[in-house]
Amino acid sequence: MFASLLGIALALAPAVPAPPLSAPPPRSEERLLAAPLAKDVVPAPPPSEEVFAIPPALRAELHARVIVPAGNSDQQRLNRLVRFLFDPAGLGMGYQHDADHTVTEAWQTRKANCLSFTLLTIALAREAGIDAYGQEINRILAWYRDGDTLYFSNHVNAGIRAGGHRYTVDVASDSILSGEPPRQIDDARLLAILYTNRAAGLLARGQYALAGDYMAAAFRADDSYPAAWNNAGVLALRTGSQADAERNFLRTLDLDDTHEGALMNLASLYASRGEPGKERKLRARIDRIQRHNPFHHFLLATEDEAQGEYVSAARGYRRAIALYDGEHQFYYGLARAYLHLGQYRKAGDALRRAQSLADRTTAQRYQAKLDQLSSKGL
């Protein structure tokens, strides 16, 4: 998915550990991701009009498949647009987690992450006369470690107003865990996210000068984007300016006082400077945030489960549920832990609750698992 970088935690000093995940999560928007351009060459930051520009060939295909056909209400055009985006007979867009593309690049490659898919959807919807805008979810379950860098994610998707109703078009809705609804954002924030993501990829490859150009473009687009300031702090650290890094992390926290990436980065910075008092205060803030974050407990529970610590896993899943009772994957994890513990009745109860919260397709999979339990007389 996408959004842009929500944070990078440098291994300057022992940092709050992130539970290991098997692979980077499919999202973007608030994280450091590299745009997969030809031969790994990243051009200068594209202007806003280039980011949203629709190539003539794509515009012609859109008019032929979405705008011209009979049935021209907003709702009918939206239905055709969604088919056009996903159907192999249309664009057949595929997901790629690091594809921080402009509209043209997404069309050329047929690859998009959440951010570039959102840009593509908005541009095409507007061309079709449909009201479209970006939406951002600040807190999702998406963080992972790559080398000495810890990545946090948020998520963006496209909001649509059509026929008196509001809709969301999302390339990764089935893989997002979030405890909050999306909020509408403007095009400037989407641009800041794109520039910040690309800056992150450049930073990771040691291309600091060009990363700085992209960071500057992000601030010109939207200087209230917390992730941009956090990444600018990481860039300052990597180029040897601890004072600038500290100012940038503090600016991040002025904009979002729960930004875990900035809190971890700043705590690590204070630890590296021999300022344990400041570090302890920040670690305490991180602990308070995580203690009340159901997704944090879910991650810890999945780690315990992977290590065969099923009692601890069940405890973690129950804690996540106590904090947020509306996520089917919390209950599914709890059911797995109970099965390993031989507590089959409790496993069945947790599975039924997971089924009641899931979408139709997932609920059918849970029903199949319940049927397996029943067939064994459990």
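The values are calculated or read from the model by the stated rules, or taken from the named source; none is laboratory data. The structure displayed is predicted, hence computed values, not measured ones. Using ideal geometry, Cβ is built from the backbone for each residue, glycine included, and neighbour counts are taken over all protein chains shown.
Could you check how many residues of the range 144-195 are closer than 24 Å to Leu81 by Cα, modelled with pLDDT under 55 and surrounded by 17 or more Cβ atoms within 10 Å (Cβ to Cβ)?
The number of residues fulfilling the criteria is 2.
When you go through Ala227, Ala204, Ala245 one by one, which is the residue that is at pLDDT 95 or above and aliphatic (A, V, I, L, M)?
On the way: Ala227 fails: at pLDDT 95 or above; Ala204 fails: at pLDDT 95 or above.
Residue meeting the stated conditions: Ala245.
Going by the structure shown, is Glu246 more than 20 Å from Tyr366 (Cβ to Cβ), charged (D, E, K, R) and not assigned by TED's automatic domain parsing to the domain that holds Val234?
Numbers: more than 20 Å from Tyr366 (Cβ to Cβ): yes; charged (D, E, K, R): yes; not assigned by TED's automatic domain parsing to the domain that holds Val234: no.
Against the criterion (more than 20 Å from Tyr366 (Cβ to Cβ), charged (D, E, K, R) and not assigned by TED's automatic domain parsing to the domain that holds Val234), Glu246 does not qualify.
With respect to Ala301, is the statement that it is at pLDDT 90 or above, under 25 Å from Gln367 (Cα atoms) and in contact with a Ser or Thr (Cβ under 8 Å, 6 or more places away or on another chain) true? Write out each step before concluding.
Working: at pLDDT 90 or above: yes; under 25 Å from Gln367 (Cα atoms): yes; in contact with a Ser or Thr (Cβ under 8 Å, 6 or more places away or on another chain): yes.
Yes; evaluated as a whole, the condition is true for this residue.
For the range 294-310, indicate whether the set of residues that are over 30 Å from Ala354 (Cβ atoms), surrounded by fewer than 20 Cβ atoms within 10 Å (Cβ to Cβ), free of Cβ contacts under 8 Å to residues at least 24 places away in the same chain and not assigned by TED's automatic domain parsing to the domain that holds Thr196 is non-empty. Even if it seems obvious, please write down each step before you answer.
Here is the first cut: in the range 294-310, the ones over 30 Å from Ala354 (Cβ atoms) are none.
Scanning the range 294-310, I find no residue that is over 30 Å from Ala354 (Cβ atoms), surrounded by fewer than 20 Cβ atoms within 10 Å (Cβ to Cβ), free of Cβ contacts under 8 Å to residues at least 24 places away in the same chain and not assigned by TED's automatic domain parsing to the domain that holds Thr196, so the answer is no.
Within the range 260-282, is there a residue that is in a loop (DSSP other than H, G, I, E, B), of a type in the set (Ser, Thr, Tyr) and at pLDDT below 95?
There is no residue in the range 260-282 that is in a loop (DSSP other than H, G, I, E, B), of a type in the set (Ser, Thr, Tyr) and at pLDDT below 95.
Would you tally the residues in the range 332-346 being under 16 Å from Asp371 (Cβ atoms) and under 30 Å from the mean Cα position of the chain (by Cα)?
2
Results for (1) buried (at least 21 other Cβ atoms within 10 Å of the Cβ); (2) within 18 Å of Asp170 (Cβ to Cβ); (3) not assigned by TED's automatic domain parsing to the domain that holds Asp187, shown as yes or no for each residue.
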position: Val66; (1), (2), (3): yes, no, no
position: Leu81; (1), (2), (3): yes, yes, no
position: Gly92; (1), (2), (3): no, yes, no
position: Asn113; (1), (2), (3): yes, yes, no
position: Leu119; (1), (2), (3): yes, yes, no
position: Ile122; (1), (2), (3): yes, yes, no
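Just a yes or no: is a residue in the range 213-234 of a type in the set (Gly, Ala, Ser), within 23 Å of the chain's Cα centre (by Cα) and surrounded by fewer than 22 Cβ atoms within 10 Å (Cβ to Cβ)? I'd like the intermediate steps shown before the answer.
First, the residues of the range 213-234 that are of a type in the set (Gly, Ala, Ser): 216-218, 221, 224, 227-228, 232-233.
Cutting the leftovers down to within 23 Å of the chain's Cα centre (by Cα) gives us 216-218, 221, 224, 227-228, 232-233.
Add one more test, that the residue is surrounded by fewer than 22 Cβ atoms within 10 Å (Cβ to Cβ), and what stays is 216, 224.
Yes, some residue in the range 213-234 is of a type in the set (Gly, Ala, Ser), within 23 Å of the chain's Cα centre (by Cα) and surrounded by fewer than 22 Cβ atoms within 10 Å (Cβ to Cβ).
Cβ-Cβ under 7 Å, sequence separation 6+ or interchain: first residue in the range 320-335 and assigned by TED's automatic domain parsing to the domain that holds Arg352 and within 11 Å of Ala358 (Cβ to Cβ), partner assigned to a loop (DSSP other than H, G, I, E, B) and among the aliphatic types (A, V, I, L, M). Which pairs?
Listed pairs, sorted by first residue: Glu327/Leu177; His328/Ala358; Gln329/Leu177.
From the set of residues in the range 311-331 that are of a type in the set (Ser, Thr, Tyr) and more than 20 Å from the chain's Cα centre (by Cα), which is surrounded by the most Cβ atoms within 10 Å (Cβ to Cβ)?
The first filter runs over the range 311-331 and keeps only residues of a type in the set (Ser, Thr, Tyr), leaving 312, 317, 324, 331.
Filter once more, so that each one left must be more than 20 Å from the chain's Cα centre (by Cα): 312, 317, 331.
Details: Ser312: 16, Tyr317: 29, Tyr331: 26.
For the range 311-331, the residue satisfying everything is Tyr317.
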